Protein chains: 2
Amino acid sequence: MSKLVEISLVEKQAIQAKKAAKSLSLLSEQEKNEALFTLADHLEKNTQTILAANEKDLEAGKQKGYDAAYLDRLSLTKERVFDFAEGLRTVAALKDPVGETLSEWTLENGLKVKNVRVPLGVIGMIYEARPNVTVDATGLALKSGNAIVLKGGSSAISSNKAIVSVMHEALENTKISRDAVQFIESTDRSATKELFTMKQHIDVLIPRGGGALIQAVVENATVPVLETGVGNCHLYIDREADTEKAINIMVNAKTDRPAVCNALETLIVHEDWLNVNHEALAKAFKEHGIQVHGDEKAVNVFPEAIPAEETDWKDEYLSLDIAVKVVESLEEAVAHIDQYGTKHSEAIVTENDQTALFFMNVVDAAALYHNASTRFTDGGALGFGAEIGISTQKLHARGPMGLPALTTSKYLMVGNGQTR
Amino acid sequence: MSKLVEISLVEKQAIQAKKAAKSLSLLSEQEKNEALFTLADHLEKNTQTILAANEKDLEAGKQKGYDAAYLDRLSLTKERVFDFAEGLRTVAALKDPVGETLSEWTLENGLKVKNVRVPLGVIGMIYEARPNVTVDATGLALKSGNAIVLKGGSSAISSNKAIVSVMHEALENTKISRDAVQFIESTDRSATKELFTMKQHIDVLIPRGGGALIQAVVENATVPVLETGVGNCHLYIDREADTEKAINIMVNAKTDRPAVCNALETLIVHEDWLNVNHEALAKAFKEHGIQVHGDEKAVNVFPEAIPAEETDWKDEYLSLDIAVKVVESLEEAVAHIDQYGTKHSEAIVTENDQTALFFMNVVDAAALYHNASTRFTDGGALGFGAEIGISTQKLHARGPMGLPALTTSKYLMVGNGQTR
């Protein structure tokens, strides 16, 4: 077929992925698992090549003046590469969602109707520094029968290229075409933008990284997006909360891993509870190095608190800071969450089951907790084996996403000449 | 809370809808059903008011020179209004999806995890001429616990205003707030555009109408969209097809209701089958007034055929025209569908089950048919009771969408102090 317009390299790659996706979608679970094991072995064997490429990225990063935390996320070690490989073996052990019959019935005219799970097709993954995403996302995509187009961040370009090159070599010895894994080498932003609108070749985009990246994809892509990410999580300590439970949950949700999306960001406290328990709460803040940013009432109670501004209610800290708001009622707490929550994870501590039920029914979020830490909103913690991310959107998938989130469905109708 | 920016009327309405959605989401199935029955009764009682308003739209339409088919779609009669009302009673009889437990388990630490179906929240419906959508969409939204913001076409403005006004009066006597049904009165396009980006108030946009409207919404909205619509459906008559089944299915899919999205648009015929059956096929075309637009081979076989151009393969006719392509293999047929299909409904006629299986596995569409007409891709025909539309997207819902497509899920976690 002749084309008048010259197509770009990115589009060529997307077309190759689409073609590879077709044969990949027909492979058996065993064939896909064997490919994942081959990938894992080959990554382990070629650790030195990957580490040498990573060294280049680290060198470039140092020259650009990246901070230690950033360089740590970028840095690979033999152990980390072996962890990637082991991750692929874990994914191989997960149940293949493809082919599952979701529903099945026969119409009165004898037409057999079956709704089955099938792969989405081609997944576009747009991500930032961590090179582990290159392997993790590839493993999840291939296991669920999807091809993948990878667009990593420029700071990890050498590492990602080396990893993909090793994976391509490995795929030569499997039933999966190397074309099923495409890596966009261009670090130009225009390459990312091309992916945004490539609806005919790419079935879904998954952004992984900071809020700015995710927003750019959500706002500019015409390809459907699986939105993951921002968790401005609240804990409401009710008037009838148990002191020990409330404080333990607050400390765990805030301090266990402050930089993750299911960590606590704002504490809302009923004033009656606070009047009785302020000393115990102040002690917990102090012991765990938690810096309070409070509303007027909170600042009066906690002398070391900084007065909170609008951004304190609105944004994630991802640190040991916490915003504290004192309320007179459950309704006031819910209204605050409605206004500032990101629909990720919201918790209540109370001994009153009716209050808890109201809170869980009325608050709009992926995960609602009664007397437990928000930290459980996680595919691993919930027993999903592996997760692609935590969806904060309402369509398609909500909350931690396992392999089924990378599938869609098809109606298969078998007849013997039925007409309407 | 003070706002520096003056908010628009459309935004005020969306905020009212969001607020109403919250209490609506907590209503029981019985309360929602009673409201739907009240709406139905009140619409019947106020038929005259609605017909008088419809008269104004028809008058304006005639002056604008709309054609007879358009005016017919716009026109209401007592019977049509009673049909709307009956439609609401049908929706009331459907199973309420809200509250269904999708999965449930307990972690080793005793944390109880439950995934339940909940309403999406606020549905934004953007639609064209037919005033029945105003009632149908409202019924489906309310039954599934959602508020709705209606933005109808300007040509039906008086009819839609009258219908909504009657529904508002009726809601006064129900547990559902009248704010749960918002109608955007402005016929200005900027009002529609406002809805596109109102992510904080509107949970999903559903466009219903022509391809141009749907594309405008898909390409410009940052609010998630449920894409419905275009069906460029193919029928492939295989080398091993039964003559009678093939011709019956072609005639039914093409002529039963040519203007709907599950109607046949392109016939792909294996040349071996055509060599034997061309006379029977030509006779069927002639008897049913079907105009062929053929590729070179088809034009040679059917003397009355018009040579097909690119648009014949690409676009829906929605009429008694059909594009005909002759192929030498199954693979050629599949490649054509891959290139021009809109992933709606695709059919194969063959007596070879292996061929059919390959076709159904490899073709990417919402519905695949073996020896049956594409006309069954329809919520009514499949037994869903009512449908919001037929999704041609892969995320969230694919194919005919019933009430569950208007819901999302929530994880409810109940503990006794669990931390990680």
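The values are calculated or read from the model by the stated rules, or taken from the named source; none is laboratory data. As the structure is a prediction and not an experimental result, all values here were calculated from the model. Quick reminder, even Gly has a Cβ in these numbers, built from the backbone with ideal geometry, and neighbours come from all protein chains shown.
Considering each of B:221, B:241, B:170 in turn, give the residue that is under 30 Å from residue B:45 (Cβ atoms) and either touching a residue at least 24 places away in the same chain (Cβ under 8 Å) or within 14 Å of another protein chain (Cβ to nearest Cβ) (or both).
B:170
Do you know which of the residues in region B:179-222 that are charged (D, E, K, R) and crowded, with 18+ Cβ neighbours inside 10 Å is farthest from the chain's Cα centre (by Cα)?
B:179
Kindly establish whether residue B:190 is polar (S, T, N, Q) and not in a loop (DSSP other than H, G, I, E, B).
So residue B:190 fits the description; yes.
Can residue A:56 be described as over 20 Å from the mean Cα position of the chain (by Cα), at pLDDT 95 or above, exposed (fewer than 14 other Cβ atoms within 10 Å of the Cβ) and farther than 23 Å from residue A:318 by Cβ?
no
From B:405, B:386, which residue is under 30 Å from residue A:110 (Cβ atoms) and within 10 Å of chain A (Cβ to nearest Cβ)?
B:405
Quickly run through region A:224-238 and pick out the residues that are more than 10 Å from chain B (Cβ to nearest Cβ) and within 23 Å of residue A:132 (Cα to Cα).
Within region A:224-238, A:228, A:229, A:230, A:231 meet the criteria.
Within the group A:118, A:98, which residue is touching a Gly at 6+ places or on another chain (Cβ under 6 Å) and either hydrophobic (A, V, I, L, M, F, W, C) or not in a loop (DSSP other than H, G, I, E, B) (or both)?
A:98
Identify the residue in region B:405-414 that is more than 21 Å from residue B:343 (Cα to Cα) and either small (Gly, Ala, Ser) or under 18 Å from the mean Cα position of the chain (by Cα) (or both) and, among all such residues, is surrounded by the fewest Cβ atoms within 10 Å (Cβ to Cβ).
Per the stated criteria, the residue is B:409.
So how many residues does region A:371-395 have that are among the β-branched types (Val, Ile, Thr) and either modelled with pLDDT under 95 or out of contact with any Cys (no Cβ under 9 Å at 6 or more places or on another chain) (or both)?
Final tally of qualifying residues: 3.
For (1) hydrophobic (A, V, I, L, M, F, W, C); (2) over 23 Å from residue A:394 (Cα atoms), each residue gets a yes or a no:
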| residue | (1), (2) |
| --- | --- |
| B:156 | yes, yes |
| B:167 | yes, yes |
| B:186 | no, yes |
| B:191 | yes, yes |
| B:200 | no, no |
| B:206 | yes, no |
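Might you let me know whether region A:285-299 holds any residue that is assigned by TED's automatic domain parsing to the domain that holds residue A:255, part of a helix (DSSP H, G or I), among the aliphatic types (A, V, I, L, M) and out of contact with any Ser or Thr (no Cβ under 9 Å at 6 or more places or on another chain)?
Taking every residue of region A:285-299 in turn, at least one turns out to be assigned by TED's automatic domain parsing to the domain that holds residue A:255, part of a helix (DSSP H, G or I), among the aliphatic types (A, V, I, L, M) and out of contact with any Ser or Thr (no Cβ under 9 Å at 6 or more places or on another chain).
Please enumerate the residues belonging to region A:343-361 that are β-branched (Val, Ile, Thr) and within 11 Å of chain B (Cβ to nearest Cβ).
Within region A:343-361, A:348, A:349 qualify.
Between a first residue in region A:74-92 that is without any contact (Cβ under 8 Å) to a residue 24 or more places away in the chain and a second residue that is acidic (Asp, Glu), which pairs have beta carbons less than 9 Å apart while being 6 or more apart in sequence or on different chains?
The qualifying pairs are A:75/A:57.
Does region A:97-107 include one or more residues that are surrounded by fewer than 24 Cβ atoms within 10 Å (Cβ to Cβ), closer than 21 Å to residue A:407 by Cα and out of contact with any Lys or Arg (no Cβ under 8 Å at 6 or more places or on another chain)?
Checked against the condition, which is being surrounded by fewer than 24 Cβ atoms within 10 Å (Cβ to Cβ), closer than 21 Å to residue A:407 by Cα and out of contact with any Lys or Arg (no Cβ under 8 Å at 6 or more places or on another chain), region A:97-107 yields no hits at all.
Can we say residue A:372 is of a type outside the set (Phe, Trp, Tyr), surrounded by 18 or more Cβ atoms within 10 Å (Cβ to Cβ) and touching a Phe, Trp or Tyr at 6+ places or on another chain (Cβ under 6 Å)?
no
Confirm whether residue B:360 is of a type outside the set (Ser, Thr, Tyr), without any contact (Cβ under 8 Å) to a residue 60 or more places away in the chain, touching a strand residue (DSSP E or B) at 6+ places or on another chain (Cβ under 8 Å) and over 30 Å from residue B:136 (Cα atoms).
Spelling it out, residue B:360 is indeed of a type outside the set (Ser, Thr, Tyr), without any contact (Cβ under 8 Å) to a residue 60 or more places away in the chain, touching a strand residue (DSSP E or B) at 6+ places or on another chain (Cβ under 8 Å) and over 30 Å from residue B:136 (Cα atoms).
Specify which of the listed residues (B:215, B:200) is within 14 Å of chain A (Cβ to nearest Cβ) and in a loop (DSSP other than H, G, I, E, B).
Criteria check complete, one pass: B:200.
Restricting attention to region B:242-260, report how many residues are crowded, with 24+ Cβ neighbours inside 10 Å and farther than 16 Å from residue B:289 by Cα.
So the answer is 1.
Out of A:182, A:215, I need the residue that is out of contact with any Ser or Thr (no Cβ under 8 Å at 6 or more places or on another chain), at pLDDT below 95 and not assigned by TED's automatic domain parsing to the domain that holds residue A:324. Which one?
Only one candidate qualifies: A:215.
Residue-by-condition table, conditions (1) hydrophobic (A, V, I, L, M, F, W, C); (2) facing chain B (nearest Cβ under 8 Å):
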{"site": "A:363", "(1), (2)": "yes, no"}
{"site": "A:368", "(1), (2)": "yes, yes"}
{"site": "A:371", "(1), (2)": "no, yes"}
{"site": "A:380", "(1), (2)": "no, no"}
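Do the conditions hold for residue A:326, that is, is it surrounded by 15 or more Cβ atoms within 10 Å (Cβ to Cβ), away from every other protein chain (no Cβ under 11 Å) and either touching a Pro at 6+ places or on another chain (Cβ under 8 Å) or farther than 25 Å from residue A:227 by Cα (or both)?
yes
Sort through B:69, B:53, B:40, B:85 and tell me the only one that's part of a helix (DSSP H, G or I), in the same structural domain as residue B:129 (by TED's automatic domain parsing), farther than 30 Å from residue B:172 by Cα and not aromatic (Phe, Trp, Tyr).
B:69
Go through region A:124-178 and count every residue that is under 16 Å from the mean Cα position of the chain (by Cα), among the hydroxyl-bearing types (Ser, Thr, Tyr) and at pLDDT 95 or above.
Of the residues in region A:124-178, 2 are under 16 Å from the mean Cα position of the chain (by Cα), among the hydroxyl-bearing types (Ser, Thr, Tyr) and at pLDDT 95 or above.
Answer yes or no as to whether residue B:268 is part of a strand (DSSP E or B) and aliphatic (A, V, I, L, M).
Answer is yes for this residue.
Out of all the residues in region B:66-77, is one or more at pLDDT 95 or above, surrounded by fewer than 15 Cβ atoms within 10 Å (Cβ to Cβ) and not β-branched (Val, Ile, Thr)?
Within region B:66-77 (the criterion being at pLDDT 95 or above, surrounded by fewer than 15 Cβ atoms within 10 Å (Cβ to Cβ) and not β-branched (Val, Ile, Thr)), the answer is no, since none of the residues qualifies.
Scanning for something at pLDDT 95 or above, under 28 Å from the mean Cα position of the chain (by Cα) and of a type in the set (D, E, K, R), does region A:288-309 turn up at least one residue?
Checking region A:288-309: not a single residue is at pLDDT 95 or above, under 28 Å from the mean Cα position of the chain (by Cα) and of a type in the set (D, E, K, R).
Do we find that residue B:394 is of a type in the set (D, E, K, R), within 9 Å of another protein chain (Cβ to nearest Cβ) and part of a loop (DSSP other than H, G, I, E, B) in this structure?
yes
Looking at region B:1-53 only, could you name the residues that are under 30 Å from residue A:310 (Cβ atoms), among the polar types (S, T, N, Q) and buried (at least 18 other Cβ atoms within 10 Å of the Cβ)?
Passing the criteria: B:13, B:16, B:25.
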